[in-house]
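What follows is a set of notes on a single structure, which appears directly below.
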Amino acid sequence: EKGGYAHYMQKEIYEQPKAVRDTLSGRVTEDGTRVVLSELGWTEDLIKQIDRIHIVACGTSYHAGLVGKAAIEKLARIPVDVEVASEYRYRDPIVSRNTLIVVISQSGETADTLAALRNAKALGNRVLAITNVVGSSVAREADDVIITWAGPEISVASTKAYTTQLVALYLFAIYLGQTLQTIAQDAVTTYVRELQALPQKLDEVLQSAPQIEEIARAFAVWDDAFFLGRGIDYYVALEGALKYKEISYIHAEAYPAGELKHGTLALIVDHVPVIALVTQDELYEKSLSNIKEVKARDAYVLGIAWAGDEEIAKSVDRVLYVPRTLPFFAPIMLIAPLQLLAYYASVARGNDVDKPRNLAKSVTVE
Ligand code: M6R
């Protein structure tokens, strides 16, 4: 049932191009000029009333939510807060009548996420669920649902669910922006075109698996790893670090690169692996100077950057290139190498990749 793959996680990583295609399918017009989310059936008036969005989720779904915030704020100019469900549900958050609550859950059964949904409904707020399981508790109880068509995800480590959550959030952000006219028509067309090009580009990214395996073997002898990024790259760094620690059991930390000198730099020693994500053009020079800071302490730096970026190669020990897309969609390109890095580090350490110790696929208790 693993279709020739050694583990479900590996299979699910390779299913991502198809999963992205399936999640996009039927959600853009044939001429590629508009996003259609007919499952929502929202009127323009309803959309105009939304004055704030709270995104609530756990783990990997929370990390997708962070990217969603960046996308929605950029394209629709609606303020978005993202919060871990176990905190949000007990916090008495300030929720206006027109605050839209978006819950994200692969399984649709996560206890804290479901509780946050119920609290929001009790307050009379509209709840939109982004979930992978049709008929799950979250899907049944929310007012509106966007299904991510990732297909069943068996491995405890979430991979294709994350990628498709990102696609759903991008579609949602464009949908809001095109309705509110906070983005021009030609920008909508560009976004849609780029979204449609992602599966093909993801296929290309996956071809670097042998190089990543070799790097992961070298990294797996170390007891720490640091994931750095700025802006959206930082949000992906968080997800990369979670994946890495979850299945390799190696201590991993994600840091906004600019925060290094506020403490973390003390931990950077000779050869410690640093994974630096560098795709956000307007932050490029800043990121490069952070890389120099860790290199000066003899860290071993793996840079992940856009194909064609020759500059980066001069500053790091090893580069992995990913096909260029809009800076905004970079997470879809960056996450596959990070998933593979975690996967091969886990294999190198002889761990049970699909069933990491102490963890369950679906956390239905607090
Ligand atoms: O099913 P959900 O998306 O609600 O699950 C949330 C988290 O439990 C989940 O993403 C978890 O963090 C993954 N095991 C990470 O790989």
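Residue 361: which aspartates and glutamates have alpha carbons under 17 Å from its alpha carbon, excluding same-chain residues fewer than 8 sequence positions away? Filter leaves 12, 109, 112, 153, 239, 246, 352. Amide H to amide H, with H built 1.01 Å from N, residue 306 comes under 5 Å of 322, counting only residues 5 or more places away or on other chains. Residue by residue, segment 106-113 carries 3J(HN,Hα) couplings of 4, 6, x, 10, 5, 4, 5, 5 Hz when phi is fed to the Karplus relation 6.51 cos²θ - 1.76 cosθ + 1.60 (θ = phi - 60°); x denotes Gly or Pro. Could you state the angle between the C-alpha long axis of helix 59-76 and the longest principal axis of the C-alpha atoms of the chain, as a value from 0 to 90 degrees rounded to the nearest 10? That works out to roughly 60 degrees.
For the chain, the relative contact order works out to 19 percent when only alpha carbon pairs closer than 8 Å and six or more residues apart are counted.
Please build a GNM for the chain, connecting alpha carbons under 10 Å apart, and tell me which residue among 292, 314, 11 fluctuates the most. In the Gaussian network model the winner is 314. Quote the FRET efficiency, to the nearest 0.05, computed for residue 38 versus residue 134 with a Förster distance R0 of 22 Å and r equal to the Cβ-Cβ distance. The computed FRET efficiency comes out at 0.90. Computed from backbone phi, the HN-Hα couplings of segment 270-286 come to 2, 6, 4, x, 10, 10, 10, 9, 9, 10, 8, 3, 6, 10, 4, 4, 4 Hz, rounded to whole numbers (Karplus: 6.51 cos²θ - 1.76 cosθ + 1.60, θ = phi - 60°; Gly and Pro given as x). Computed over the chain, the per-residue total of -39500 (n - 2.57) for DSSP H runs of n ≥ 4 gives a 222 nm mean residue ellipticity of -14000 deg cm²/dmol, rounded to 500. Within straight-line reach of residue 314, meaning a Cα separation under 17 Å, sit the following lysines at least 8 residues removed in sequence or on another chain: 286, 292, 295.
Of 55, 124, 26, which is farthest along the charge dipole of the chain in the positive direction, counting Lys and Arg as +1 and Asp and Glu as -1 at C-beta? Projecting each Cα onto the dipole axis, the largest value belongs to 124. In percent, rounded to a whole number, the relative contact order of segment 205-322 is 23, using alpha-carbon pairs under 8 Å and six or more apart. As a quick test, which of the pairs 69/121; 2/69; 245/355 have an alpha carbon distance above 24 angstrom in this structure? In this structure, 2/69 lie more than 24 Å apart at Cα. The string of couplings for segment 256-268 from the Karplus curve (6.51, -1.76, 1.60, θ = phi - 60°) is x, 3, x, 8, 3, 6, 9, x, 4, 4, 4, 8, 7 Hz, one whole number per residue in order, with x for Gly and Pro.
Every read-out reported here was derived from the displayed coordinates using simple, explicitly stated rules and does not represent laboratory data. Everything numeric in this text was worked out from a predicted model, so none of it was measured. Glycine also receives a Cβ, built like all others from the backbone with ideal geometry; neighbour counts cover every protein chain displayed.
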